[in-house]
1. Divide by every residue of the chain the summed helix terms, -39500 (n - 2.57) for each DSSP H run of at least 4, and state the resulting mean residue ellipticity at 222 nm, rounded to the nearest 500 deg cm²/dmol.
2. What is the gain in length, in nm to one decimal, between ALA14 and ASP28 on full extension, counting 0.36 nm per residue of separation less the C-alpha to C-alpha distance?
3. Could you give the length gained by full extension between MET1 and ASP39, i.e. 0.36 nm per residue of separation minus their alpha carbon distance, to one decimal place?
4. Using the crude model of +1 on Lys and Arg Cβ and -1 on Asp and Glu Cβ, and no other charge, please compute the dipole size for the chain relative to its Cα centre, in debye to 20.
5. Over the Cα atoms of the chain, what Rg and Dmax result, in angstrom?
6. Would you mind calculating the relative contact order of the chain from Cα pairs under 8 angstrom and at least 6 residues apart, reporting the percent as a whole number?
Amino acid sequence: MAYVINDSCIACGACLPECPVNCISEGDIYEIDQDQCIDCGSCAAVCPVGAPNPED
Ligand code: SF4
Ligand code: SF4
């Protein structure tokens, strides 16, 4: 499983330094590398809009 960033992302950048495996990329909407994410939830914990969520 991995986390996915949804359309509510406002590209604030808060999640980027929190990821222990550096698998988040900048963009209009930030993106998580599904192959590298270890499902730790750190990005979701700091996101102001709740954009990162566990993939179903
Ligand atoms: S859940 Fe953890 S490993 Fe996955 S993108 Fe978020 S901070 Fe990185
Ligand atoms: S913390 Fe949330 S809103 Fe900010 S860049 Fe990351 S996913 Fe997007």
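1. Rounded to the nearest 500, it is -1500 deg cm²/dmol.
2. Separation in residues times 0.36 nm, less the Cα-Cα distance, equals 3.7 nm.
3. This chain segment gains 13.0 nm when fully extended.
4. Rounded to the nearest 20 debye, it is 220 debye.
5. 9.6, 25
6. For the chain, the relative contact order is 51 percent.
Bear in mind that the values in this text are calculations on the coordinates, not laboratory data. Keep in mind that this is a model prediction, so the values were computed, not measured. Positions of Cβ are backbone-derived with ideal geometry, glycine not excepted, and every protein chain shown enters the neighbour counts.
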